[in-house]
Structures are given as C-alpha cells and as structure tokens.
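Scroll down for the structure; my scribbles are underneath it.
The values are calculated or read from the model by the stated rules, or taken from the named source; none is laboratory data. Bear in mind the structure is a predicted one, so any value in this text is a computation, not a measurement. Heavy atoms of the whole protein, side chains included, go into the accessibility calculation; ligands, DNA and RNA do not. Shrake-Rupley method; radii C 1.70, N 1.55, O 1.52, S 1.80 Å.
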Amino acid sequence: MTCLLCGQSLPRQFSFTDLLYLKKSRVCLCCSCQASFEPIGPQHCPACAKPGQNELCLDCHYWQEQGQVVEHTSLYHYNEAMKAYFSRYKFEGDYLLRAVFSQDIKLALKSYKDYTLVPVPLSPEGLAKRRFNQVTAFLDHAGLSYQELLGKKDGVKQSSKTRQERLASCQTFYLTSRQPLPAKILLIDDIYTTGATLNLIRQLFQQAGVKELKTFSLAR
Ligand SMILES: [Zn+2]
Ligand SMILES: [Zn+2]
C-alpha cells in the first residue's frame, strides 16, 4: 500500500489496536502527511471553532448582529496541507481522496446520534463539473447515512467571490421535499470559511420550522 497523498509506500505491519479498531485513516496516509494536518485544539472560537482564539471571532460577531446563532464543530485547521488536499480532492477531482478523513469524520459524528445528517449540495453546474459531491463522497465512504434535503441553484461560485460578496450573498439553496423535516439537523460541509453558506441554509431551515440546527465541517 502507498500513501494516498505522496505515494510513499506504507509499512505493512499495523499495530494490533489499529487492526482491532479498523483505523483506516491510519493506513491510507504516511506519518509525515498525517502530521501535516493540524487538528483544532481546545483553543478556538466557542461558536464556530475558528482555531487560535478563545473569544467570539469577527465572523461570529457579524452573524450575532444578524440574529444568527452559530453552533459549529470542525476537525482541522484549514492550513497549507489542508488547502493542498482540497485542491486535489475538489478541484482536480481525485475521488480516491474521499477516504483520507472519512474515519475521523465517522468518529466525530458519533456524538450526533439523534441528528439527521444533511450534506451541503452542489449546484447542477458544479456537480457536472466535479462529477461528485465531495461531502456525500466522504459520508458514503464513512458508511454514514444522510438525507439530501437541499438543492442549490446555479450561480456564481462561493470561492470566486470576495469575502464581502460572500457575506452579503443571497439565498441560492432550496428544500427538495415538502415532507416534514427532522427535528434535529446537523449540516455537513467540507470547509467553513466565513460561515455564509451554512448560515444561508440555517435561515432556510429556520423558516421551515426546524428548531435545532448545528453545523459541522472537516476544516475551518
Ligand atoms: Zn504521504
Ligand atoms: Zn467564530
């Protein structure tokens, strides 16, 4: 087996506990690639998990002024290694890389057992271009079930907008079903930047009567 990111061959011997708990995340990356990702430690914004501060961050102050309550969890810093990972996974479309963090995500989502997982969708244009949704791809790989309750209209991509434009962007998401919605929803995204995407969706679910909505992303 080789490291999914750098291609270096991996040692064949796994420890007994790795085998016991089937720690797949341990066996698809070499040690140095694994070490290049920084888990978000105890010091982070209490609302959105932004690393490196204990106070409410500027983005969360903005959302508070808009009357939005941010309750976000994230696993890793969006550092250079994470940027490089997402550039290969999303923009070069390397589908195999869905496996890299799927076990971390599975483990983290165990504490949301009574929540319905809802992935952030791509627009039809985005999906045609990328050929897969990077969020449902890692959820599928982790063996987690979810409900695709959202659709996204075609439009300007979030990543090509400036920070100001992202913060001010208007609703591009819609509900795909008229069925009653689950009481507790955990929205899943890949990267949390300003919180604009997740807060747009939060507004949509709030208007539809969902009382409890939390959000989760792999990186922040
Ligand atoms: Zn490697
Ligand atoms: Zn924050």
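At a glance:
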read-out: Alpha-carbon radius of gyration plus Dmax, which is the widest Cα pair, for the chain in Å; value: 17.7, 53
read-out: Fraction of accessible area attributable to carbon and sulfur, the chain (%, probe 1.4 Å); value: 53 percent
read-out: Long pairs among K113/K214; K90/K152; K106/K129; K110/K211, criterion Cα-Cα beyond 24 Å; value: K106/K129
read-out: Solvent-free Debye scattering, log10 I(q)/I(0), computed from the Cα coordinates of the range 25-77 at q = 0.32 Å⁻¹; value: -1.18
read-out: Helical contribution to [θ] at 222 nm, DSSP H n ≥ 4, -39,500 (n - 2.57), averaged over the chain, rounded to 500; value: -8000 deg cm²/dmol
read-out: Angle in degrees between helix 196-207 and the longest Cα principal axis of the chain, rounded to the nearest 10; value: 50 degrees
read-out: Area accessible to solvent at E92, 1.4 Å probe radius, in Å²; value: 130 Å²
read-out: Solvent-accessible area per residue, Å², over the range 47-197 with all protein chains present [probe radius 1.4 Å]; value: 52 Å²
read-out: Percent antiparallel among DSSP beta bridges (both partners in the range 37-219, rounded to 5); value: 25 percent
